[in-house]
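For reference, the structure discussed in these notes is given below.
All of the numbers you see were taken from the coordinates with simple rules; none came from a lab. Here the structure is a predicted model, which is why all the values come from computation and not from measurement. Neighbour counts are summed over all protein chains in view; Cβ atoms, including those assigned to glycine, are modelled from backbone coordinates with ideal geometry.
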Amino acid sequence: MYAIRLLLLVGVMLLSWPVLLAQQGQQPPVPDKPAKEKPKPAPSIYKFGPDSLEQPGVPRGQVIDLGVWKSKVFDGTERKWSIYVPNQYDGSKPACVMVFQDGQWYANPKGDFRVPTVFDNLIHQGKMPVTIAIFLQPGTLAGRSNRSVEYDTLSDRYATFLEKEILPEVAKKYKLRSDAAGRAIGGISSGGICAFTVAWQRPDLFSKVLSHVGSFVNIRGGDVYPGIIRKTERKPIRVFLQAGKNDLDNQHGNWPLANLQMEAALRYKKYDYKFVMGEEGHNGKHGGAILPESLIWLWEPEMKKD
């Protein structure tokens, strides 16, 4: 009988313990559980080809850090920037030039795009002209990013920034082509629509556009482009659009649909363009994997001249 009473007493104490702790503002100890690992992203179906990898015997260009640029066109903003100068540039004649928004992503030798390595390989093979790349990060204003203002706004302001500030600064040391045929501009997401806006507003400055998962949606009115393209006289620009079936769909719009609308408008107006829809989302995996072929296509008219 004593043993039964003791067991009942122990049971009551175990049942009442969490209540007593709760009344004292404490929580009973929780048994240790193994930490759940974050799910790893699925491997991309897109892989780098040889032109995105360093190859033996290929002369390497130089990436030069140019520090911080303080803009007057975007008054009060500061941004980091750098340039790539190919090994084949000797100053005997002007080089072509290509500007990249979000330059830190495009210049990264281990990133999705690896522009310096791709340029090294394609220039060495004679598949694109000797080209100086300009990598521009978005500006910051009073410690806050000015990216959307600069990239998503439909105006000639960013083109003016390039024309009045960036291109003349680089041209102080390097000979650059001054004709639109010798200039290209590219970017990803909002940087993609920015590239299109620059060429659309100033086809006399830039004639070649490379857009990766471009944000042709209503962030700052970019969804109007397909309608504007259809109703405007065709401009002398060449456009490469890369998009992804699994890209974003949110309050700003549907990215795959927006890029399909852009493609349809360019086709309707008989533009010189190429459109590639992949399986990826809002990232540079597909665009990076096909960057070599994108650049070969984009610069093909200049190579035929030579």
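What is the sum of charges around ALA95, taking Lys and Arg as +1, Asp and Glu as -1, for the other residues whose C-beta is under 10 Å from the C-beta of ALA95? Before the final figure, lay out the partial values.
On the way: positive: LYS93, LYS175, ARG177; negative: ASP90.
Residues near ALA95 contribute +2 overall.
Under 5 Å between amide hydrogens, which residues at least 5 positions from MET98 or on another chain qualify, with H placed 1.01 Å from N in the peptide plane?
Result for MET98 returns ILE132, ALA133, ILE134, ALA184.
When only DSSP loop residues count, what GluC sites (Glu not before Pro) in segment 201-303 have their Cβ near at most 16 other Cβ atoms within 10 Å? Walk me through the numbers on the way to the answer.
On the way: sites: GLU233, GLU263, GLU279, GLU280, GLU293, GLU302; in loops: GLU233, GLU279, GLU280.
Taking segment 201-303 and a limit of 16 other Cβ atoms within 10 Å, the loop GluC sites (Glu not before Pro) found are GLU233, GLU279.
Using only Cα atoms, locate the centre of segment 169-215 and the centre of segment 245-297, then give the distance between them in Å, rounded to an integer.
If you average the Cα positions of each part, the centres end up 17 Å apart.
In degrees, nearest 10, range 0 to 90: what is the angle between the Cα axis of helix 291-305 and the longest Cα principal axis of the chain?
Long axis of 291-305 versus the principal axis of the chain: about 0 degrees.
Would you work out if segment 154-306 is rounded, prolate or oblate? Take a ≥ b ≥ c from the square roots of the eigenvalues of the alpha-carbon gyration tensor; rounded if a/c is under 1.5, else prolate when a/b is larger than b/c, oblate otherwise. Numbers along the way, then the final one.
Numbers: a/c = 1.56, a/b = 1.42, b/c = 1.10.
Because a/c hits 1.5 or more and a/b exceeds b/c, segment 154-306 counts as prolate.
Karplus couplings for segment 254-271 from phi (6.51 cos²θ - 1.76 cosθ + 1.60, θ = phi - 60°), rounded to Hz, Gly and Pro as x?
10, 4, x, 5, 4, 6, 5, 5, 4, 4, 5, 5, 5, 5, 4, 8, 6, 6
Can you give the local net charge around GLY253? Use residues other than it whose beta-carbon is closer than 14 angstrom to its beta-carbon, Lys and Arg +1, Asp and Glu -1.
Numbers: positive: ARG220; negative: ASP152, ASP223, ASP247, ASP249.
Charge balance near GLY253 sits at -3.
Based on the Cβ-Cβ distance from ALA42 to THR160, what FRET efficiency comes out when R0 is 35 Å, to the nearest 0.05?
Details: r = 42 Å, r/R0 = 1.20.
About 0.25, to the nearest 0.05.
In nm, to one decimal, how far is the modelled label at SER92 from the one at GLN251, with both set 7 Å along Cα→Cβ?
Those two pseudo-labels are separated by 5.8 nm.
Could you list, in their original order, any pairs among LYS80/LYS245; LYS47/LYS208; LYS72/LYS285; LYS93/LYS235; LYS80/LYS231 whose Cα atoms are separated by more than 30 Å?
Values: LYS80/LYS245 32 Å; LYS47/LYS208 25 Å; LYS72/LYS285 35 Å; LYS93/LYS235 28 Å; LYS80/LYS231 38 Å.
Checking Cα-Cα distances, LYS80/LYS245; LYS72/LYS285; LYS80/LYS231 exceed 30 Å.
Could you go through segment 100-117 in sequence order and give the Karplus-derived ³J(HN,Hα) for each residue, using 6.51 cos²θ - 1.76 cosθ + 1.60 with θ = phi - 60°, rounded to whole Hz, and x for Gly and Pro?
10, 6, 6, x, 4, 6, 6, 7, 4, x, 10, x, 6, 9, 6, 3, x, 5
Name the shape class, rounded, prolate or oblate, that the alpha-carbon gyration tensor gives for segment 47-305, where a ≥ b ≥ c are the square roots of its eigenvalues, rounded holds for a/c under 1.5, and otherwise prolate holds if a/b is larger than b/c and oblate otherwise. Each step should come with its number before you reach the end.
Numbers: a/c = 1.40, a/b = 1.20, b/c = 1.17.
Judged from the Cα gyration tensor, segment 47-305 comes out rounded (a/c under 1.5).
Taking the beta-carbon count within 10 Å as an exposure proxy, list LYS208, LYS285, LYS274 from fewest neighbours to most.
Details: LYS208 26, LYS285 21, LYS274 16.
By the 10 Å Cβ count, ascending: LYS274, LYS285, LYS208.
Under the rule of -39500 (n - 2.57) per DSSP H run of 4 or more residues, summed and divided by the residues of the chain, what mean residue ellipticity at 222 nm is obtained, to the nearest 500 deg cm²/dmol?
On the way: 11 runs with 107 residues, N = 306.
-10000 deg cm²/dmol, from helical runs alone.
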